[in-house]
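Trainee: One structure coming up, written as structure tokens, with questions to follow.
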Amino acid sequence: MPELPEVETIRLGLQRKIISLKIKNIEVLNQKSFHGESDLLKNKVIKNIWRKAKVLGIELESDLVLLIHLKMSGQLIYQGIEKFIGGHPTKDMIREMPNKSTRVILHFSDNSKLYFNDQRKFGWIKLVSASELKLFNFLQTLGPEPLEKEFSWEVLKANLLRHKGQPVKVAILDQRVVSGVGNIYACEGLFHSKLDPSTKVSKLLDKEFIKLHAGIVRALKDGVKYGGSTKTHFVNEEGKKGFFLDHAFVYGREGEPCKICKNEIKKIKLGGRGTYFCPNCQK
Ligand SMILES: [Zn+2]
């Protein structure tokens with residue numbers, strides 16, 4: 001699954017290409033990949049693209065929103081004079097479109113196209129009205145967006161305290177605590193905050209919640225800066241691979257020296273997930 005920085009990388013790239021384009025028509029090649037009345041899309045202009053956790057929302061005229069979730073194997077490929085490629089890398093993604101995993105094609109009035117490819121067909125596109133959007137449980141139960149103002153250390157503390165007995169690493173992964181943060185960025189955020197991932201939430205002091213908040217934000221911002229991670233199979237614009245993991249401090253670095261103190265990075269399991277940390281820096 002992609003994490004927040006990977007989806008944000010796609011949003012930023014797509015935004016530069018498709019804002020103010022008008023949709024001519026939509027071609028649905030796999031019925032399960034598209035939900036909604038596709039005819040409503042005709043002649044609608046794209047106004048904005050937002051992201052909530054790992055869901056992209058393309059806002060159109062008439063208060064319509066196209067929701068897109070790439071899930072395990074989704075790709076979004078824009079082909080105009082310029083090209084934009086985002087999603088799980090496959091060898092054929094830089095070749096001619098459509099291909100055998102193309103599920104939906106948006107045709108724009110300037111003859112450019114947006115292809116939604118999805119080999120494993122877990123991804124989806126849903127057309128909803130702005131009012132229907134409020135009924136989406138999935139979006140309503142998500143925690144605060146970590147890169148927005150709504151995410152303060154006080155909010156993080158209040159949300160984490162619902163999991164008092166859990167190790168802090170496990171609690172961070174609950175999408176109601178903070179949305180879009182998965183295993184990679186939870187490990188990195190804890191490293192920046194110098195907290196032992198096994199620490200029980202109930203043991204954390206205010207100054208530690210403050211450090212943890214700053215650490216999560218730093219890890220995610222680094223992720224966006226480096227275009228996501230190759231580990232989660234994401235590429236950015238023009239098909240270049242993300243290289244965040246080259247810059248990771250702990251994730252995937254078991255047995256290697258800590259970039260700060262030179263002690264060995266350890267890997268343990270917490271809540272069934274591989275957890276990387278430096279036992280010397282994170283006490
Ligand atoms: Zn260290």
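Trainee: Determine which aspartates and glutamates satisfy two conditions relative to Lys24: a Cα distance under 14 Å, and not lying fewer than 8 residues away in the same chain.
Mentor: Asp39, Glu61, Asp110
Trainee: Using a probe radius of 1.4 Å on heavy atoms only, what accessible surface per residue do you get for the chain? Whole Å² is fine.
Mentor: Normalised by residue count, the accessible surface of the chain is 47 Å².
Trainee: Step by step: find N for the stretch 3-104, compute 2.2 N^0.38 Å, then divide the Cα radius of gyration by it. What's the final number?
Mentor: Against the compact-globule rule of thumb, the ratio is 1.04.
Trainee: Quick one: helix 183-192 against the long Cα principal axis of the chain, what's the angle to the nearest 10°, folded into 0 to 90?
Mentor: So the helix axis and the longest Cα principal axis differ by about 40 degrees.
Trainee: With an 8 Å Cα cut-off and a minimum separation of 6 or more residues, compute the relative contact order for the chain in percent.
Mentor: Relative CO of the chain lands at 19 percent.
Trainee: Could you work out what % of the accessible surface of the chain is carbon and sulfur, using a 1.4 angstrom probe and leaving DNA, RNA and ligands out of the count?
Mentor: Answer for the chain is 50 percent, counting heavy atoms of protein chains only.
Trainee: With everything on Cα atoms, drop me the angle between helix 4-18 and the longest principal axis of the chain, reported from 0 to 90° to the nearest 10.
Mentor: For 4-18 against the chain, the angle is about 30 degrees.
Trainee: Give the cross-link partners of Lys225 among the aspartates and glutamates, using a straight C-alpha distance below 12 Å as the criterion and excluding same-chain residues fewer than 8 apart.
Mentor: List returned: Glu6, Glu8.
Trainee: Based only on Cα atoms, what Rg/Rh ratio does the chain have, Rh being taken as Kirkwood's radius?
Mentor: Taking Rg over the Kirkwood Rh, I get 1.01.
Trainee: Another question, then. Would you calculate a helix-derived [θ] at 222 nm for the chain, using -39,500 (n - 2.57) for each DSSP H run of n ≥ 4 and dividing by the full residue count, to the nearest 500?
Mentor: -6500 deg cm²/dmol
Trainee: For the chain, build the charge dipole from Cβ charges (+1 Lys, Arg; -1 Asp, Glu) around the Cα centre, then report which of Pro5, Phe151, Phe249 sits farthest towards its positive end.
Mentor: Phe249
Trainee: What is the dipole size for the stretch 35-131, taken about its Cα centre, with +1 at each Lys and Arg Cβ and -1 at each Asp and Glu Cβ, in debye to the nearest 20?
Mentor: It works out to roughly 480 debye.
Trainee: Further, regarding this structure: Can I get the semi-axes of the stretch 61-135's equivalent ellipsoid? Compute them from the C-alpha gyration tensor as square roots of 5 times the eigenvalues, in angstrom, largest first.
Mentor: They are 23, 17, 9 Å, listed from largest to smallest.
Trainee: Relative to the longest principal axis of the C-alpha atoms of the chain, give the angle of the C-alpha long axis of helix 206-225, reported between 0 and 90° and rounded to the nearest 10°.
Mentor: Here the helix axis deviates by roughly 40 degrees.
Trainee: Also: Have a look at Ile94, Asn111, His163 and report the one farthest towards the positive end of the charge dipole of the stretch 94-177, computed about the Cα centre with Cβ charges (Lys/Arg +1, Asp/Glu -1).
Mentor: His163
Trainee: Which of Val177, Val128, Leu195 sits farthest toward the positive end of the charge dipole of the stretch 88-236, with +1 on the Cβ of Lys and Arg and -1 on the Cβ of Asp and Glu?
Mentor: My answer, from the dipole projection, is Leu195.
Trainee: Per the Kirkwood definition applied to all pairs of different Cα atoms, how many angstroms is the hydrodynamic radius of the stretch 83-181?
Mentor: Its Kirkwood hydrodynamic radius stands at 17.1 Å.
Trainee: Hey, another quick one. Let's see if you can work this out: charge +1 on each Lys and Arg Cβ, -1 on each Asp and Glu Cβ, no other charges. What is the dipole magnitude of the stretch 103-205 about its Cα centre, in debye to the nearest 20?
Mentor: About 380 debye.
Trainee: Over the Cα atoms of the stretch 178-225, each weighted equally, I'd like the Debye log10 I(q)/I(0) at q = 0.14, 0.18, 0.23, 0.33 Å⁻¹, rounded to two decimals.
Mentor: Values returned for q = 0.14, 0.18, 0.23, 0.33 Å⁻¹ are -0.30, -0.50, -0.79, -1.31.
The values are calculated or read from the model by the stated rules, or taken from the named source; none is laboratory data. The model shown is predicted, which means the values in this text are computed figures rather than measured ones. Virtual Cβ from ideal backbone geometry, glycine too; neighbours counted across all protein chains shown. Protein only, heavy atoms only, side chains kept; ligands, DNA and RNA dropped before computing areas. Shrake-Rupley method; radii C 1.70, N 1.55, O 1.52, S 1.80 Å.
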